[in-house]
Amino acid sequence: VLMDKENKELISNISHDLKTPITAVKGYVEGIMDGVADTPEKIDRYVKTIYNKTNEMDHLINELTFYSKIDTNRIPYTFSKLNVEDYFSDCAEEVGLELEYANYVEDNVQVIADGEQIRRVIHNIISNAIKYMDKPKGIIQIRIKDVGDFIQVEIEDNGKGIAAKDLPSIFERFY
């Protein structure tokens, strides 16, 4: 029963989150159709915004698909060799923010991992860092370190942090 309630809440949240970019896309398309975007620069800006909003929707739909796979224990893991420098610099670039990225791992170090799932984790953590940032000048840092048998990924921000009482629960779904 609790799981059903959580699933309904998740679907409700994602549905709600989808409405925002859809409303924006409709508004910008109407702006183009009605001639409000009356210069090539304005049209270009509108099209770029529409593109970014559709990417947001794509991400939310992928989340929905992913959560349905969690519930049915059908998460497909695809492990492959990843060059640490290439992979994480791409990851940092994809986020598209001015984040501080530092790689302390030697060139040509490779790991065996599921690149898609690691990317998902990094994006979720950074999304939360942005969502809960309480400073006008937010700083998000990603550091990659070689600590022996594995690579350590550190993500840090200058936000308010997580209250000590909440730390034990942060990996619970929907907490």
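The values are calculated or read from the model by the stated rules, or taken from the named source; none is laboratory data. Everything quoted here is computed from the prediction, not taken from an experiment. Cβ atoms come from the backbone with ideal geometry, glycine included; neighbour counts cover every protein chain shown. Heads up: the accessible areas ignore ligands, DNA and RNA and are worked out on the full protein's heavy atoms, side chains in. Shrake-Rupley method; radii C 1.70, N 1.55, O 1.52, S 1.80 Å.
Look at the alpha carbon pairs under 8 Å that are at least 6 residues apart: their mean separation over the length of the range 60-150 gives a relative contact order of 35 percent.
Between the amide H of ALA37 and those of ILE32, distances stay under 5 Å, these residues lying 5 or more places away or on another chain, with hydrogens modeled in the peptide plane. The gain in end-to-end length when the ASN55 to ILE112 segment is fully stretched comes to 17.7 nm, 0.36 nm per residue minus the alpha carbon separation. Among the GluC sites (Glu not before Pro) in the range 95-175, those placed in a DSSP loop whose Cβ has at most 13 other Cβ atoms within 10 Å are GLU98, GLU106, GLU172. The residues of the chain expose, per residue, 71 Å² of accessible area to a 1.4 Å probe.
Solvent exposure of ASP146, expressed as accessible area, is near 80 Å², computed with a probe of 1.4 Å over the protein chains only.
The phi torsions of the range 30-36, fed into the Karplus equation with coefficients 6.51, -1.76 and 1.60 and a -60° offset, translate into couplings of 4, x, 6, 4, 7, x, 5 Hz, rounded to whole numbers, with Gly and Pro shown as x. Taking every DSSP bridge with both residues inside the chain, close to 75 percent are antiparallel.
What's the FRET efficiency of ASP38 with GLN152 using the Cβ-Cβ distance as r and R₀ = 41 Å, to the nearest 0.05? Taking R0 as 41 Å, the efficiency between ASP38 and GLN152 is 0.20.
The Cβ shell under 15 Å around HIS59 holds other residues with a net charge of -1, Lys and Arg each +1, Asp and Glu each -1. Could you compute the FRET efficiency for ASN124 and VAL29, with r as their C-beta to C-beta distance and R0 at 25 Å, rounded to 0.05? Efficiency computed from Cβ-Cβ geometry: 0.25. On the principal axes of its alpha carbon atoms, the chain extends 60, 47, 35 Å, with the longest extent given first.
Pairs of alpha carbons in the range 1-66 separated by more than 17 Å make up 50% of all such pairs.
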